Amino acid sequence: MHNKLLSTTVIATWIGLLFGSSIQAQSQGTNHKNAPAVKQSVAELTAPLARSVVEILIGERTVALGTVVSPDGLVVTKASELTDNAAIKCRLWDGREIQPEVLAKDDAIDLALLQLPSTGVSAIDLTNQRLPSAGSFLISVGTDGQSLGLGIATVDERKFSLRHSNTSDRGYLGVNCSPDPKRSGLVVHEVIEESAARRAGIRKGDLIALIDERPLSQVDQLVREIRRHKADEAIDVVIVRGEQKISIQALLGSQMQFEPTDQWGGGPFSKRRFDFDTVIAHDFPISPEKCGGPVLDTDGHVVGINIARALRVATYAIPVEAVASFVHTHAKPAELPSPASE
């Protein structure tokens, strides 16, 4: 009864905030769904999750959120952001930073399962079996039990695949780099997972000095050299690692050309944002580094995990049933949360 009364109050508050004061809010440039009054209206629903959401860091950079799914320290997060397992840390509600063990990844739903030591965290409930329908209000939860904002489910749960997906035949190396101010060459800042660069052994911090015997000093030179080749063609690369000069051969891969694109812009978007087995779509734009946290309905039940900022006003969440199935598949029996009652 309490939850029903709370839901009614919350919805009435949102409607008043979203529509009743729209002219004033627009003149002030306020984001209605992220307004302090909206967040305050759902505080009673989100506060119990204060110890259930962690930050996922690679080095010192936050790349995603993680959601605690077991009191034994199991955490689910966005798998495609975990580019370097050795550098992953979880920042807890009290500021502690702990290196987790990566137990499993599932590319189909882009989830990873991490194991923390027993840390006093609080797990979400994975037993909710009521999925939101189109038009339902949803609440995205961040760290410290704070609401990120209010969204509305735009469609019922569905499989999401690229309608016109295609793969370019242009060669793709898979590095992000920039010019070195002291040396001739490009410093590698990121090596994309499962890319030609990764397979060839190029590492973060390497200096790419030559491609096919041509010296490099600007990123556009690297782009031009790669574009001379098609996928599955080999290039000769000279890198400098420390004091060592290394000659390697990289067999170029191909890069997926993602569609549809959002003609109105509004990024940044998640690097992995399409081709999920099943998603709930809502219209609150979560920033990519805030994906991985839970989504609630107006009764405070967890309905999914935000997985991707996909378009200007579209965020996708993995339904709680799929999350529970992933956890039960990969966790040890002693670590499993209680199953849903029949």
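Could you list, ordered by first residue, the pairs with Cβ atoms under 6 Å in which the first is in the stretch 123-135 and without any contact (Cβ under 8 Å) to a residue 40 or more places away in the chain and the second is in a loop (DSSP other than H, G, I, E, B), at least 6 apart or interchain?
Ser133/Asp156; Ala134/Val155; Ala134/Asp156
Just to be sure I understand the filter: pairs with C-beta atoms under 7 Å, separated by 6 or more residues or on different chains, first member in the stretch 80-106 and among the small types (Gly, Ala, Ser), second member open to solvent by 70 Å² or more (accessible area, probe 1.4 Å). Which pairs pass?
Close Cβ pairs (under 7 Å, with a partner that is open to solvent by 70 Å² or more (accessible area, probe 1.4 Å)) amount to Ser80/Lys271; Ala104/His330.
Which residues, taken from the stretch 184-200, are modelled with pLDDT of 90 or more and either in a helix (DSSP H, G or I) or of a type in the set (D, E, K, R) (or both)?
Within the stretch 184-200, Ala196, Ala197, Arg198, Arg199, Ala200 meet the criteria.
So which residues in the stretch 107-122 are touching a residue at least 60 places away in the same chain (Cβ under 8 Å) and under 17 Å from Val63 (Cα atoms)?
Listed by number, the residues that qualify are Asp110, Leu111, Leu113.
Please go through the stretch 171-194 and pick out each residue that is in contact with a Ser or Thr (Cβ under 9 Å, 6 or more places away or on another chain) and open to solvent by 70 Å² or more (accessible area, probe 1.4 Å).
Correct list: Ser184, His189, Glu193.
Name, by its number, the condition in (1) free of Cβ contacts under 8 Å to residues at least 12 places away in the same chain; (2) farther than 17 Å from Pro288 by Cβ that does not hold for Arg61.
Arg61 satisfies every listed condition except (2).
Being among the charged types (D, E, K, R) and outside any loop (DSSP other than H, G, I, E, B) is the filter; apply it to the stretch 39-62 and report the residue that is least open to solvent (accessible area, probe 1.4 Å).
Filtering the stretch 39-62 for residues that are among the charged types (D, E, K, R) and outside any loop (DSSP other than H, G, I, E, B), the one least open to solvent (accessible area, probe 1.4 Å) comes out as Glu55.
How about the stretch 143-156: which of its residues are within 27 Å of Asp94 (Cβ to Cβ) and buried (at least 20 other Cβ atoms within 10 Å of the Cβ)?
Once the filter is applied, which keeps residues that are within 27 Å of Asp94 (Cβ to Cβ) and buried (at least 20 other Cβ atoms within 10 Å of the Cβ), the stretch 143-156 yields Thr143, Ser147, Leu148, Gly149.
Say we look at the stretch 201-235 and pick out the residues that are outside any helix (DSSP H, G or I) and touching a Ser or Thr at 6+ places or on another chain (Cβ under 7 Å); which of these is surrounded by the fewest Cβ atoms within 10 Å (Cβ to Cβ)? Steps first, answer last, please.
Our first condition is that a residue be outside any helix (DSSP H, G or I); within the stretch 201-235, this holds for 201-218, 228-235.
With touching a Ser or Thr at 6+ places or on another chain (Cβ under 7 Å) added as a condition, the list becomes 209, 215, 217, 231.
Details: Ala209: 21, Pro215: 11, Ser217: 14, Ala231: 16.
So, considering only residues that are outside any helix (DSSP H, G or I) and touching a Ser or Thr at 6+ places or on another chain (Cβ under 7 Å), the one surrounded by the fewest Cβ atoms within 10 Å (Cβ to Cβ) is Pro215.
When the stretch 63-121 is examined, which residues are found to be open to solvent by 20 Å² or more (accessible area, probe 1.4 Å) and among the small types (Gly, Ala, Ser)?
Ser80, Ala86, Ala87, Gly95, Ala108, Ser118, Gly120
Please give the strands (runs of 3 or more DSSP E) falling wholly within the stretch 65-155 in which 3 or more residues are under 16 Å from the mean Cα position of the chain (by Cα) and under 21 Å from Val313 (Cβ atoms). Write out each step before concluding.
Numbers: elements: 74-78, 88-91, 101-106, 111-115, 137-141, 147-152.
No strands (runs of 3 or more DSSP E) qualify here.
The values are calculated or read from the model by the stated rules, or taken from the named source; none is laboratory data. None of the values given here were measured: they were computed from a predicted structure. Virtual Cβ from ideal backbone geometry, glycine too; neighbours counted across all protein chains shown. Note: areas computed on protein heavy atoms with side chains; ligands, DNA, RNA excluded. Shrake-Rupley method; radii C 1.70, N 1.55, O 1.52, S 1.80 Å.
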